Amino acid sequence: MRQRGAARPRLLVIWFTLAALIAVIGYNEYRKRAQVPGAVTEVTHGADGSRMLLPAPLEEITAIEVAQGGKLHRFERDAAGLWFYHGVHAGAQPGHEHKTDTQQAGRIDKAFTALARTRMERQFALDVENAYGVTSPDMVILVYARRDAPPLAQFAVGDLAPDGLSRYVLPVGGQSVVTIAEYQITNLLDLIAALNSNPEKPG
């Protein structure tokens, strides 16, 4: 099992990389904003060209990281394919071992099954005047298909939409902000809170 000693530098790299990507996107959109419409009502990209947020089915995803409030929460699959919570990455723990908790695995799988069904609702051009909160996100979601490989996808989670039911999200590397159902973000926050309410459970 991978040790956690390099977790803090890796978290900093994630945030700095995201900031750089968003800065480039914002600059490009600023230059093009006179030619780009302010809103697009139909989303045409995603997994297999669909409206799905995640670029691959859940069965192909091996790890998900949620950077939230300055902390990195990592979820992985074990050798049997069961999910476990790797805990808040805060420092080195030599000899760290993991034992999958089946009840915890079921709870994580339920939340991620819902996340994998997330559809992009609306799409907006990203510009420096209306960034929807994605240029300084409090939450970033990283999705991995293979261990020790770059993220398959990264999402900067922005502000709550005026309707109170949707959340602005930037698929990092894209040039548009999309909205998804707010309850998907609430589900992730509730999952993290529940798993951290019992500090002995995380692997």
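The values are calculated or read from the model by the stated rules, or taken from the named source; none is laboratory data. The structure displayed is predicted, hence computed values, not measured ones. In this analysis, Cβ positions are derived from the backbone assuming ideal geometry, glycine residues included, and neighbour counts consider all displayed protein chains. When the accessible area is computed, the model is the full protein with side chains, heavy atoms only, and any ligands, DNA or RNA have been set aside. Shrake-Rupley method; radii C 1.70, N 1.55, O 1.52, S 1.80 Å.
General remarks:
- Linear extension gain, residue 189 paired with residue 56, 0.36 nm per residue minus alpha-carbon span: 45.7 nm
- Share of carbon and sulfur in the accessible heavy-atom surface of the stretch 124-203 [1.4 Å probe, %]: 49 percent
- Cβ-derived FRET efficiency at R0 25 Å, residue 114 paired with residue 163, nearest 0.05: 0.80
- Two-site FRET efficiency, residue 78 against residue 175, from Cβ-Cβ distance with R₀ of 45 Å, rounded to 0.05: 0.75
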